[in-house]
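Below is one structure, written out as structure tokens, with a few remarks after it.
The values are calculated or read from the model by the stated rules, or taken from the named source; none is laboratory data. What you are looking at is a predicted structure, and each value in this text was computed from that prediction instead of being measured. Here the Cβ positions follow ideal geometry from the backbone for every residue, glycine too, while neighbour counts run over all protein chains shown. What goes into the accessible areas is simple: the full protein's heavy atoms, side chains included, and nothing from ligands, DNA or RNA. Shrake-Rupley method; radii C 1.70, N 1.55, O 1.52, S 1.80 Å.
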Amino acid sequence: MSGTMSEFFGDWHALLVLLLAGVIPNQIWRMLGLWLGGGLDEGSDLLMWVKAVATAILAGVIAQILVQPPGALASVPGFLRYGALVVGFAAFMLTRRSIFAGVLCGEIFMLTGRWFLG
Amino acid sequence: MTQLSFIRLIAARFTPSHFAVPFPPLDSPQWHPPLRAFAIGMGAVRSTILSLVLFVTYVGIGALAHDTHFSLAWAMMGTLLVWAGPAQIILISTLASGASIVQSAIAVTVSAIRLFPMVVAVLPMMRAPETKRRQLVLVAHFTAVTLWVECYRFLPHVPRDKRIAFVHGLGCGLVLIGLVATVIGYELAANLTQTFGSAILLLTPLSFLFSTARNSKELADVLALGLGLAFYPLASLLNSGLDILVSGVAAGTIAFAVHKWREGP
């Protein structure tokens, strides 16, 4: 690890943002589950809808990373990013849903493609 | 190690037999010492493929935090205090793409709703009539997709009065893996070539997609995942700052409606 202590911590403003936009929005739901959880039916319509929306938001995050790639991923052409997802998913299904095989094949596809492009 | 024995070792780690739970029998005196259940829980992280998925995800998060110019301490505190991979990704990527604190907070809050049903589902597994609510605060904090899935698998093999200690151990073990992976990802992104940096950032969408697909047993889950992927590119054309929210609520609501319609009156 290189750098000074101030480099390690960054500015306090970013840590305040982490607390307000990261920590509190997550802990609210956990603590609500702890306080109200006793009386809720796990199979109720409300919880079914909440789970579906939560899953779709997660899917949106996956799409966002591929469509608007951050950092070094932006240097990879679009067809390789989307292709990696498709190839990985095919491997995932062919191996009776092995997460490991899916991730590995997606990565190999992207790296091979980059290597060919030079 | 010869190549063959290496392949056998890998195969043994990823085949279903590996998923046997290596705990003492329920009535064994080995469960009695107070710290023993905690230690068994912490050790249980070695017997789950999800530890590897968690590791890979957090390497990606560490790398993302680096490439979007957050500090290492910021990334580590996120892992320790937020402890929800998707929320951390949304937080980092929305802030980095110029969203305001309020916009980020709304997107993260909505993504975190799924923690609520998880906590509701997990707690009854370790609650006894005499259990106080404050004894479960740490369990609620550790609850995220990995712990939620593993509780269903592990807890039937853990004596009921030892389950809170066991889950504390399991949670600490998982957080430790997450923290180490965050640091590794951050440092790798700082020091690797662009090719390897992009490979690490690609880990997150791949591992999220496949671990969610694996947990999607009902039609509503599968539809929510598929529609959510398809809707985001459309919603992003709106450029509202809440694109993830718009596509997520739309896709999730359609998935839920189809599920209800198929179920019939």
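What the table shows:
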{"read-out": "Nearest 10 degrees, 0 to 90: helix B:194-215 Cα axis against chain B principal axis", "value": "70 degrees"}
{"read-out": "For the protein assembly as shown, diffusion coefficient by Stokes-Einstein and Kirkwood Rh (Cα), 10 °C, 1.306 mPa s, µm²/s", "value": "74 µm²/s"}
{"read-out": "Normalised contact order of chain A, rounded percent, pairs of Cα under 8 Å and 6 or more residues apart", "value": "15 percent"}
{"read-out": "Choice from A:88, A:43, A:60 showing the highest fluctuation, given a GNM over chain A with Cα pairs closer than 10 Å", "value": "A:43"}
{"read-out": "Cα coordinate range in region B:23-110, projected on the principal axes (Å, largest first)", "value": "56, 23, 21"}
{"read-out": "Whole-angstrom Cα spans of region B:60-218 along principal axes, big to small", "value": "53, 35, 31"}
{"read-out": "Dipole magnitude of region B:108-265 about its Cα centre (Cβ charges: Lys, Arg +1; Asp, Glu -1), debye to nearest 20", "value": "600 debye"}
{"read-out": "Pairwise label distance in nanometres, residue B:191 with residue B:260, each label 7 Å out on the Cα-Cβ vector", "value": "5.4 nm"}
{"read-out": "Solvent-accessible surface (1.4 angstrom probe) belonging to residue B:50, in square angstrom, nearest 10", "value": "30 Å²"}
{"read-out": "Residue among A:23, A:103, A:50 with the largest mean-square fluctuation in a Gaussian network model of chain A, springs linking Cα atoms under 10 Å", "value": "A:23"}
{"read-out": "Sequence of B:23, A:100, A:79 when ordered by accessible area, the most exposed leading, probe 1.4 angstrom", "value": "A:79, A:100, B:23"}
{"read-out": "Overall Cα dimensions of chain A, principal axis frame, Å, largest first", "value": "56, 47, 23"}
{"read-out": "Relative compactness, chain B, computed as alpha-carbon Rg over 2.2 N^0.38 Å", "value": "1.10"}
{"read-out": "Choice from B:69, B:168, B:141 with maximal GNM fluctuation in chain B (Cα, 10 Å cutoff)", "value": "B:69"}
{"read-out": "Per-q log10 I(q)/I(0), region A:76-118, q = 0.20, 0.21, 0.25, 0.34 Å⁻¹ (Debye; single scatterer per alpha-carbon; no solvent)", "value": "-0.52, -0.57, -0.73, -1.06"}
{"read-out": "Along chain B, longest interval not containing exposed trypsin sites (Lys or Arg not before Pro), exposed being DSSP loop plus at most 14 other Cβ atoms within 10 Å", "value": "B:1-131"}
{"read-out": "Average partner coverage of B:48-61, which counts Cβ from other chains inside 10 Å", "value": "1"}
{"read-out": "Distance histogram for region A:18-76 (every C-alpha pair counted, 10 angstrom bins, percent rounded to whole numbers)", "value": "18, 31, 33, 13, 5, 0"}
{"read-out": "Averaged over B:134-145, number of beta-carbon atoms from partner chains that fall within 10 Å", "value": "3"}
